[in-house]
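Contents: one structure, followed by commentary.
Only the coordinates and a few stated rules stand behind these numbers; no lab work does. All figures in this text were calculated on a predicted structure; none of them were measured in a lab. Backbone-built Cβ (ideal geometry, glycine too); neighbour counts: all protein chains shown.
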Amino acid sequence: MTGEAGAGERLPEVDPDLLRFAWGALPTATDDLPGSGGSIRGRPEDFRVEEVPAYLPQGSGSHLYLKVEKRGLTTRDLVLALTGEGLAENAIGVAGLKDKAAVTVQWLSLPRRAEAAAAALEALPGVTVLERSYHRNKLGIGHLRGNRFEVTVRDLPAGGPELAHERARAVLEALAERGVPNYFGPQRFGRFGNNAVDGLRVLRGERVPGGHRLQRFFVSALQSLVFNDLLAERLRRGLFQRVVTGDWARKHDTGGVFEVEDAERESERAARLEISATLPLYGRRVRRSQGEAGALEAEVLERYGLRWSAFGARRGDRRPSRVVLEEVELEARDAALTVRFMLPKGSYATVVLRELTKVDVDAPLASPAATSNDAPEAVDDDA
């Protein structure tokens with residue numbers, strides 16, 4: 001296939017280990033606090049996710065909306081059940097893709113004329129249709145305000161739930177003040193953490209198994225890995241709760257973005273978690289940073305032998321470096337911890353849980369080869 005790098009551009013070889021996701025390369029925002037320890041996902045009920053929709057169906061229209069609870073299934077499994085009834089995949093709407101090792105609640109849509117296909121979902125083991133309604137448009141990826149999580153942490157270390165609760169509470173209080181690092185979690189990088197390796201191969205024009213959609217996802221994983229590295233570098237340099245000259249900062253209340261000219265003044269707002277720096281997912285539509293921010297971005301890109309032009313075929317975006325943790329509750333019960341919280345769309349609960357436990361949550365498996373071509377069962381931006 002033809003690579004995505006700029007015409008005539010040759011990309012250097014990069015140590016594959018640098019391109020593999022590893023929690024150890026990503027400092028936490030609460031390195032000064034001990035974690036609760038413990039483990040998650042011992043059973044599906046220990047990890048519950050419910051979408052917070054951007055809007056609710058209005059009750060009439062050409063699309064059937066189904067609110068579905070699923071257990072031990074990916075969102076892809078639901079889509080396949082519908083396509084098995086003859087429904088075209090592009091006619092099915094979802095707002096986000098949800099994990100298998102969890103109990104999740106989400107909305108799906110399908111054309112009203114194909115309403116009979118909904119019976120395939122109701123017959124699927126592990127699926128319960130909670131609500132039915134209608135709306136004028138198809139549900140689309142990103143039609144979300146966020147996700148609510150309820151996670152149970154078991155197998156607590158010596159000291160029991162009381163000590164774990166005390167430590168977890170201190171971490172949650174610190175995150176409420178400092179913000180949560182908006183890292184991409186391990187789900188983005190495949191079972192063996194190798195998707196970014198294949199992303200660089202795609203940019204080089206090498207042959208990578210999989211269709212165009214999968215290859216684009218591999219490049220997206222490379223963009224995500226570089227984002228994580230840049231955010232980690234800011235944490236290491238004491239810039240997590242600050243902004244620097246040239247940053248494009250985002251207002252947490254309105255979503256407005258502006259260029260930072262007076263870093264000292266704006267860092268006071270960042271310290272209050274009113275604003276945060278945004279970091280690039282490189283592409284042709286991304287506004288470049290100037291000053292200190294631009295120099296740091298160029299430094300991190302250079303580690304991979306990359307330039308902005310390598311991502312010229314991608315649109316790109318900017319992603320906040322921090323997110324605000326909302327609706328937080330914590331309780332100790334039955335020798336376990338239960339934590340509830342809400343995150344904005346696109347953010348990863350695994351990042352919060354790693355801060356809380358100081359355990360490498362959902363760490364990738366050891367890779368049996370240099371590359372895995374390992375597409376995840378669900379590309380879950382909200383896990």
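Here are some notes:
- Fully extending the segment from residue 130 to residue 335, taken as 0.36 nm per residue of separation minus the present Cα-Cα distance, adds 70.7 nm.
- Applying 0.36 nm per residue to the separation of residue 271 and residue 116 and subtracting their alpha-carbon distance, the gain on full extension is 50.5 nm.
- Hydrodynamic radius (Kirkwood) for the stretch 55-141, which is based on Cα pairs only, to one decimal in Å: 12.6 Å
- Going from the residue with the fewest nearby Cβ atoms within 10 Å to the one with the most, 225, 26 rank 26, 225.
- 16 Å Cα-Cα reach of residue 138 towards aspartates and glutamates, excluding residues that sit fewer than 8 places from it in its own chain: 89, 115
- Panel order for 36, 267, by other beta carbons found within 10 Å of each beta carbon, from fewest to most: 267, 36.
- Mean-square fluctuations from a GNM of the chain, with a 10 angstrom spring cutoff on Cα atoms, peak among 357, 74, 254 at 254.
- Net charge dipole size for the stretch 1-129 [Lys, Arg +1 and Asp, Glu -1 on Cβ; Debye, nearest 20]: 540 debye
- Contact order normalised by residue count of the stretch 112-259, Cα under 8 Å, 6+ apart, percent: 13 percent
- Residue of 262, 198, 99 that the Gaussian network model of the chain assigns the largest fluctuation, springs spanning Cα pairs under 10 Å: 262
- Flagged links, alpha-carbon separation over 20 Å, of 70/98; 67/100; 67/345; 100/345; 251/358; 67/251: 251/358; 67/251
- Residue order, fewest to most beta carbons within 10 Å, for 107, 23, 308: 308, 23, 107
- Label of the coordinate-derived value, Rg and Dmax of the Cα atoms in Å, listed as [x] 29.0, 96; [y] 31.6, 133; [z] 21.3, 62: [z]
- Cα-centred dipole magnitude for the stretch 55-141, charges only on beta-carbon of K, R (+1) and D, E (-1), debye, nearest 20: 180 debye
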